[in-house]
Amino acid sequence: MTTVQSPAPEGRETWTSNRGFILAAIGSAVGLGNIWRFPGVAYEGGGGAFLIPYLIALVTAGIPILFLDYAVGHRFRAAAPLAFRRLWRKAEALGWFQTAILFVISTYYAVIIAWSLSYFYFSFGTKWGDDAQTFFLSDYLNVGDPGISTELVGGVAWPLIAVWVLIIVVLALGVAKGVEKLNVIGLPLLVIGFSALVIKALTLPGASDGLDALFTPNWGALTDLNVWIAAYSQIFFSMSIAFGIMISYASFQRRKANMTSSGLVVGFANSSFEILAGIGVFSTLGFMAHQQSIAEGTQVAVGDLEGITGPTLSFITFPQVISEMPGSTLFGALFFGSLSIAGFTSLISLVLGVSVAFQEKFGLSKTVAAVSVGVVSAFVSFALFATTTGLIALDTVDQFANNVGIVVSAIAMCVIVVWLSRTVETLRAHLNAVSTFKVGKWWIPVIGLYAPIFLGIMLIQKVYDLITEGYEGYPTWYVGVFGWGTVAFLVVFAGILTAIKWGGRDDPSFTPWPPVDAGNAPVRMTKEMTK
Ligand code: PHE
């Protein structure tokens, strides 16, 4: 054991314990992506066979890039822009690019939580009636053609106000008293509520057909590049990596904190929740096929059902099935309650990332940053996504921010760390100095070569498809404005915020700790390090 002198406590807020950090990180990871995205993606990507690309993506990109996020945040103790700047001066723009992605995602993610809250309320008495599709698209959202409408949808606007008020209050309370508390309360509730739902789903007639449909492997899918791409995108979104979120979460860890072991726990917990959601969702779909078979007098296979992913799954297919089941109110309340909580604990991480970035650059107080970032985001959220054209805008912006923005961010991060700033050894030594699970040399080629090359192929394929095929048959001008416009926004935002001066608040005296020549030796905990 080596003992290295820790620098004076810096007065940065911290999680109250490692457990608090792990819960918050799991809370960020487990979100809508787990519940409504994973089951459908897994099904379409070959069912049981999808687990292979999925696990490979987890091990070759998920965990290694999660470690990279942790290393940058924990060593440089700041949200993405300042953390990258401290790593390598020229990398600040990457931090703002990530912050821009967070901002964009938060504005529509909040709207989905607002829908979930409404539907939680509608569950009491299954207010969507017999035709859940018409109810969602017409009665509730009042969806129009792709275009720009300024007409607010009241049923969305009210719960959306509640969402943003809660987010601002939690952020203003701070990391320990706000964000951590929210997760300490929310996560157990989510696990209990969602497990109850899965148990109930498993007892429905037809559940086992649903599970067969999900888990029966279609090995042929493994030769399809798109299946691999889907596995990697799922891992990124689901684990909240390369967004800068895990950088800011790690920056609130104490200086001596077992980072890599926590990362393994977070990654494992997130994937377990995805599998659990797969089981719950597909048991329910099995029941749906069973009901339809009875109604139509012929065998309906789960594979013939439509609308098994994304908003359609949650807000059309599920309500439809729920109406037909015994105990529908309880089931509906558990489902939409889980969706709302899972969403909240993820949304808070998105907005925290943005708020801390601004707090640091402009020297704002925690409360001022929380309120101003919260109010601006809420405003955008209303203007773009709470209107009658909100659903279509949301779908388009999501496609571009996630499939293009985040992949660019991940590639840039790997290339900057390994090839441009050549700080990868330092980061590895940092992780190993503080953690019990040691990161071997394998990490370097994985994040330096494998990940950027694979992600590069993925990006080219995606951009090519979007250029040649457009998106969802929406008009070209529309995809231009909302889709490519989103990408342009990310770049411009990053450029402007990087260009603005730090105004002396960029404490050049910051010294990373521990000194890396402490090598791989574990660091002995001294009292002041825990501050
Ligand atoms: N990981 C979250 C999910 O699965 C989504 C998310 C992405 C949250 C990025 C924060 C940041 O839904």
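With each label point set 7 Å from Cα along the Cα-Cβ vector, what nm distance links TRP502 and ILE56?
4.2
Under a straight-distance cross-link criterion of Cα-Cα below 15 Å, which aspartates and glutamates are reachable from LYS200, leaving out those fewer than 8 residues away in the same chain?
GLU324
With r as the distance between the Cβ atoms of PHE268 and ILE460 and R0 = 25 Å, compute the FRET efficiency 1/(1 + (r/R0)^6) and round to 0.05.
With a Förster radius of 25 Å, E is 0.20.
Give me the one-decimal nm value for the distance between modelled label points at SER323 and TRP484, 7 Å along each residue's Cα-to-Cβ direction.
4.2
Provide the gained length on full extension for the span ASP130 to THR476, in nm with one decimal, where the gain is 0.36 nm per separating residue minus the Cα-Cα distance.
Length difference between fully extended and current span is 121.0 nm.
How large is the accessible surface of ILE229 in square angstrom, using a 1.4 angstrom probe and rounding to the nearest 10?
Per-residue accessible area (ILE229): approximately 20 Å².
Can you pick out the pairs among LYS366/LYS438; LYS181/LYS256; LYS256/LYS366; LYS256/LYS441; LYS181/LYS462; LYS256/LYS501 whose Cα atoms lie more than 29 Å from each other?
Violating the 29 Å Cα-Cα cut-off are LYS366/LYS438; LYS181/LYS462; LYS256/LYS501.
Tell me the angle of helix 181-202 to the major Cα principal axis of the chain, expressed in degrees between 0 and 90 and rounded to the nearest ten.
Result, in degrees: 30.
Quick check for you: which residues of the range 322-336 have the amide N under 19 Å from the point 7 Å beyond the Cα of ILE199 toward its beta carbon?
Label zone hits: 326-336.
Quick check on packing: order 102-115, 57-70 by the mean number of other C-beta atoms within 10 Å, highest mean leading.
Ranking the peptides 102-115, 57-70 by packing returns 102-115, 57-70.
Under 5 Å between amide hydrogens, which residues at least 5 positions from THR387 or on another chain qualify, with H placed 1.01 Å from N in the peptide plane?
Those qualifying (amide H under 5 Å, at least 5 residues apart or on another chain) are VAL153.
If one takes the longest principal axis of the Cα atoms in the chain, at what angle in degrees, from 0 to 90 and to the nearest 10, does the Cα axis of helix 259-296 lie?
10
Rounding to the nearest 10 and keeping the result within 0 to 90°, find how far the Cα-based axis of helix 154-173 lies from the longest principal axis of the chain.
The angle comes out at about 20 degrees.
Kindly provide the trypsin sites (Lys or Arg not before Pro) of the range 354-435 that DSSP labels as loop, not H, G, I, E or B, and whose Cβ sees at most 16 other Cβ atoms within 10 Å.
The qualifying sites are ARG422.
Need the C-alpha centroid separation for the range 420-476 versus the range 191-209, integer Å.
Centre-to-centre (Cα) distance: 36 Å.
What does the C-alpha gyration tensor say about the overall shape of the range 299-394? Classify as rounded when a/c is under 1.5, otherwise prolate if a/b is larger than b/c, or oblate.
Prolate is the answer for the range 299-394, as a/c is 1.5 or above and a/b outweighs b/c.
With a cut-off of 8 Å between alpha carbons and a minimum separation of six or more residues, what is the relative contact order of the range 20-499 in percent?
Answer for the range 20-499 is 34 percent.
Looking at the square roots a ≥ b ≥ c of the eigenvalues of the Cα gyration tensor of the chain, which shape do they give, rounded for a/c under 1.5, prolate if a/b is larger than b/c, or oblate?
It comes out prolate by the Cα gyration axes.
Extending each Cα 7 Å along its Cβ direction at VAL165 and VAL492, get the distance between those two points in nm, one decimal.
Calculated label separation equals 3.4 nm.
How would the range 208-335 be classified by its alpha-carbon gyration tensor: rounded, prolate or oblate, with rounded meaning a/c under 1.5 and the a/b versus b/c comparison settling the rest?
Judged from the Cα gyration tensor, the range 208-335 comes out prolate (a/c at least 1.5, a/b above b/c).
The values are calculated or read from the model by the stated rules, or taken from the named source; none is laboratory data. Just so it is clear, the structure is predicted and the values come from calculations on it, not from any experiment. Please note: Cβ atoms are built from the backbone with ideal geometry, for glycine as well, and neighbour counts cover all protein chains shown. Only protein heavy atoms, including side chains, enter the accessible area calculation; ligands, DNA and RNA are left aside. Shrake-Rupley method; radii C 1.70, N 1.55, O 1.52, S 1.80 Å.
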